[in-house]
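Colleague: Just dropping this structure here.
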Number of protein chains: 2
Amino acid sequence: MSVTVVGSIAFDAVKTPFGTREKMLGGSAVHFSLAASFFDIVHVVGPVGDDFGEDEYDVLRARGVDTADIEHVAGGQTFFWAGEYGWDFNDRKTLDTQLGVFEGFEPKLSEHSSGADVVFLANIQPDLQRQVRAQCSDARFVALDSMNFWIESAKDSLIETISGVDCILFNDAELKQLTEQPNLVLAARQVREWGPSVIVAKQGEYGAAMITDEGFFGLPAFPLETVIDPTGAGDSFAGGFMGYIAAHPGEALDHDLLRRAMAYGTTLASFNVEAFGVERMTTLTSDEIAERVSDLQRITHFIEKPVALRD
Amino acid sequence: MSVTVVGSIAFDAVKTPFGTREKMLGGSAVHFSLAASFFDIVHVVGPVGDDFGEDEYDVLRARGVDTADIEHVAGGQTFFWAGEYGWDFNDRKTLDTQLGVFEGFEPKLSEHSSGADVVFLANIQPDLQRQVRAQCSDARFVALDSMNFWIESAKDSLIETISGVDCILFNDAELKQLTEQPNLVLAARQVREWGPSVIVAKQGEYGAAMITDEGFFGLPAFPLETVIDPTGAGDSFAGGFMGYIAAHPGEALDHDLLRRAMAYGTTLASFNVEAFGVERMTTLTSDEIAERVSDLQRITHFIEKPVALRD
């Protein structure tokens, strides 16, 4: 079994209160791939330009990611994003976006990629997400992410795309914006009417929540004293979540399994933000992940005990 | 054993997208008292004016709250607050504040109030909080709340007051503002150096977190599809949290007990926001509380299971 992700492969320029990086490997598909690579083979699909070299490929290959479907556009320039964070990491400012080779991108999946068991449609134009979905007709579990830009500029297309997937992984605020509902419970109900059975709301430093027909699950973020760069946290979450599902091909996607997938998503995201870009993911080990998932269970559980209440 | 709270007893005017109330019973000490009244006898301390009548007393007495230390200031007007919420309930606008009898308030505690086992210093001027703390020298557990206004205008006094209590229950953002630290882990470490051993950060619709020397605990808010008026949610949380502690006089304040207290705080807050002002608290029953605490445990737990990770 394997995982396919379609999304941006990028160079990022990032400024946070803790430092600056002028040009580092990034993009939703890259952050996703590295996180998911701890669970299964990942096929990454997306375009790059002439500036994308062996050093960048090596980061992905070192984690066993299949880069055969990275499309090199000769003469082109890799997608570039520049952003800045202040002390409130939930609030980021985009300084520059250069589409480069992403302009005119038409996803073409090899047999390996289109045959994946689990597929993640990272945040790209919803028509393209739908094209990819159509090429992965045998996938067992397909999820997508999007953003305010597409909600505002291509809402009908986005809803059509959403209707063809099993799961959406959205930012909390964007889920409310998409559905025009004031809270998560009502927003998730609306999206489930469109088709997806699993709704995940990412809440940044506060954690994440999930709603399915089995009900609600809420999980705080892992508490960190060192948060250096939140870029890619949501895609790392998705990588851990989808990777965990891919690693359990024979099992029913019930709440027990999906809750554990949430815990791995939360854990991978927490490592991602401890350093700039993908830096932390290149040193991360299985043991560190397993230990943090245990910690996460320990710090989120309480044991109920009856108390005499006064009516 | 019993609980004492000192804070505002108020009339509130509130406008939310779901309706308007021109003058309803409110105030931090009132919301706290009603929530804590499910666990133990509550002594409420604070001033009221001539406009505070039997209807208001009856709301408190119906829940068994001891109102003997409510100080009636003849010729005075009860504290008044007017505020408005938009769709984002984490963001509220204060339209009017009239101190009324709160101007010149000097807390005088009867023997019953000063002898309480558990004491909550709700959000009032920090010098007054310290006076109350001094009168409750035998209390087993004392907690306080505050707000940005005091952090900005009376920070030294506030820190001195904090150094004399066991626990602070602060909004997330105000905890960071107070300590000038970028995240909860570092902020809590700073406050613990000042004295308190239990740090609780209230995160509004996202839940609450606690840090003690036994570590971190995070708990999502209870998911609701009907949120009518968030006024008093923080004080209801405090009431459930402190009430639960008061109801366990012989037990060590270890993490197991404090986590359960967090669950009761979360639960009481979730009921409070389901209707305007104190309306929901006047119909709430023990059975409803117990059922929701069970639900809260169910929707926040996951069971770890090892997975083969790929290094």
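Colleague: Can you give the helix-only mean residue ellipticity at 222 nm for chain B, where every DSSP H stretch with n ≥ 4 adds -39500 (n - 2.57) and the sum goes over all residues, rounded to the nearest 500 deg cm²/dmol? Walk me through the numbers before you get to the answer.
Modeller: Details: 11 runs with 111 residues, N = 311.
That comes out to -10500 deg cm²/dmol.
Colleague: Let me ask something additional. Tell me, what is the percent relative contact order of the stretch B:217-301, built from C-alpha pairs under 8 Å that lie six or more residues apart? Before the final figure, lay out the partial values.
Modeller: Working: 96 pairs, mean separation 32.0, N = 85.
Normalised by residue count, the contact order of the stretch B:217-301 is 38 percent.
Colleague: Once you keep just the Cα pairs under 8 angstrom separated by 6 or more residues, what percentage relative contact order results for the stretch B:6-77? Intermediate values should be presented prior to the final figure.
Modeller: Working: 120 pairs, mean separation 21.5, N = 72.
Dividing the mean separation by the residue count of the stretch B:6-77 yields 30 percent.
Colleague: Can you name the helices of chain A, as whole DSSP H runs, whose Cα span along the helix axis is 20 Å or more and whose Kyte-Doolittle mean is not below -0.5?
Modeller: Details: long enough: A:255-272 (25 Å, -0.09); A:286-300 (21 Å, -0.67).
Once both thresholds are applied, what remains is A:255-272.
Colleague: Along the charge dipole of chain B, pointing to its positive end and built from +1/-1 on Cβ of Lys, Arg, Asp and Glu, which listed residue (B:Phe302, B:Met210, B:Thr231) has its Cα farthest out?
Modeller: It is B:Phe302, whose Cα lies furthest towards the positive end.
Colleague: Still on this structure, please answer the following. Where Lys and Arg each count +1 and Asp and Glu each count -1, what net charge lies around A:Ser110 among other residues with Cβ under 13 Å from its Cβ? It would help to have the intermediate numbers written out before the result.
Modeller: On the way: positive: A:Lys108; negative: A:Asp66, A:Asp69, A:Glu71, A:Glu111.
Net of charged neighbours comes to -3.
Colleague: Next question, about the same structure. Would you mind computing, in nm to one decimal, how far apart the modelled labels at B:Asp127 and B:Ile159 are, each placed 7 Å from Cα along Cα→Cβ?
Modeller: So the label points at B:Asp127 and B:Ile159 sit 1.9 nm apart.
Colleague: Could you grab the relative contact order for chain B? Cα pairs under 8 Å, six or more apart, rounded to a whole percent.
Modeller: Working: 662 pairs, mean separation 54.0, N = 311.
Reported as a whole number, the value is 17 percent.
Colleague: Tell me the net charge near B:Phe237. Cut-off is 10 Å between Cβ atoms, B:Phe237 excluded, with +1 for each Lys or Arg and -1 for each Asp or Glu. Working shown, then result.
Modeller: On the way: positive: B:Lys202; negative: B:Asp145, B:Asp235.
Taking every other residue near B:Phe237 into account, the sum is -1.
Colleague: Tell me the GluC sites (Glu not before Pro) within the stretch B:229-281 that lie in a loop according to DSSP and have at most 10 other beta-carbon atoms within 10 Å. Provide the component values of the computation, followed by the final result.
Modeller: Working: sites: B:Glu251, B:Glu274, B:Glu279; in loops: B:Glu251, B:Glu274, B:Glu279.
Sparse-neighbourhood loop GluC sites (Glu not before Pro): B:Glu251.
Colleague: One decimal, nm, shortest first: give the distances between the label point of B:Gly195 and those of the same position in the other copies, each label point 7 Å from Cα along Cα→Cβ.
Modeller: From this label point to the equivalent ones elsewhere in the assembly: 6.0 nm.
Colleague: Between A:His248, A:His31, A:His301, where does the largest GNM mean-square fluctuation fall for chain A, given springs only between Cα atoms within less than 10 Å?
Modeller: A:His301
Colleague: Next question, about the same structure. Past the 26 Å Cα-Cα mark, which pairs from A:Lys176/B:Lys305; A:Lys202/A:Lys305; A:Lys93/A:Lys155? Don't skip to the answer; put the middle values down first.
Modeller: Working: A:Lys176/B:Lys305 33 Å; A:Lys202/A:Lys305 31 Å; A:Lys93/A:Lys155 23 Å.
Too far apart for the 26 Å limit: A:Lys176/B:Lys305; A:Lys202/A:Lys305.
Colleague: Can you list the distances in nanometres, one decimal and ascending, from the A:Lys23 label point to the identical position in each other copy, with the point 7 Å along Cα to Cβ?
Modeller: Listed shortest first, these distances are 6.9 nm.
Colleague: Next up: Using a Gaussian network model on chain A with a 10 Å cutoff between Cα atoms, which of A:Phe241, A:Phe141, A:Phe18 fluctuates the most?
Modeller: In the Gaussian network model the winner is A:Phe18.
Colleague: Another question about this same structure. Compute the Cα gyration tensor for the stretch B:1-98, then decide on rounded, prolate or oblate, letting a ≥ b ≥ c be the square roots of its eigenvalues: rounded whenever a/c is under 1.5, prolate when a/b is larger than b/c in the other cases, and oblate in all that remain.
Modeller: On the way: a/c = 2.20, a/b = 1.44, b/c = 1.53.
Verdict is oblate for the stretch B:1-98.
Colleague: Then there is this: Can you name the chain B residue with its Cβ nearest the rotation axis from B to A, and give the distance in Å as a whole number?
Modeller: B:Tyr206, 2
Colleague: DSSP loop GluC sites (Glu not before Pro) in the stretch A:71-149 with at most 15 other Cβ atoms within 10 Å of their Cβ, which ones? Please report the intermediate quantities before stating the final value.
Modeller: Values: sites: A:Glu71, A:Glu84, A:Glu103, A:Glu111; in loops: A:Glu103.
Passing sites in the stretch A:71-149 are A:Glu103.
Colleague: Hey, for A:Ser286 with labels 7 Å out along Cα-Cβ, what do the inter-copy distances come to in nm, ordered shortest first?
Modeller: For A:Ser286, the other copies' label points sit at 5.2 nm, shortest first.
Colleague: Which residue fluctuates most in the GNM of chain B (Cα springs below 10 Å): B:Ser137, B:Ser286, B:Ser236?
Modeller: In the Gaussian network model the winner is B:Ser286.
Colleague: Indicate the gyration tensor shape class of the stretch B:49-96 (rounded, prolate or oblate), computed on the Cα atoms with a ≥ b ≥ c the square roots of the eigenvalues: a/c under 1.5 is rounded; otherwise a/b larger than b/c is prolate and the rest oblate.
Modeller: On the way: a/c = 3.39, a/b = 1.72, b/c = 1.97.
Oblate.
Colleague: Find out how many positive minus negative residues lie around B:Arg292, taking Lys and Arg as positive, Asp and Glu as negative, among other residues whose Cβ is under 13 Å from that of B:Arg292.
Modeller: Numbers: positive: B:Arg280, B:Arg298; negative: A:Glu304, B:Glu274, B:Asp287, B:Glu288, B:Glu291, B:Asp295.
Taking every other residue near B:Arg292 into account, the sum is -4.
Colleague: Rounded, prolate or oblate, given the Cα gyration tensor of the stretch B:73-171, with a/c below 1.5 counting as rounded?
Modeller: On the way: a/c = 1.96, a/b = 1.35, b/c = 1.45.
It is oblate, given that a/c is not under 1.5 and a/b is not larger than b/c.
Colleague: Which of A:Gly100, B:Val142, A:Gly250 sits farthest toward the positive end of the charge dipole of the protein assembly as shown, with +1 on the Cβ of Lys and Arg and -1 on the Cβ of Asp and Glu?
Modeller: The listed residue farthest towards the positive side: A:Gly250.
Every number in this text was worked out from the coordinates using simple rules, so none of it is lab data. Owing to the predicted nature of the structure, the values given are computational and were not obtained by experimental measurement. As a convention, Cβ positions derive from the backbone with ideal geometry for all residues, glycine included, and neighbour counts pool all protein chains shown.
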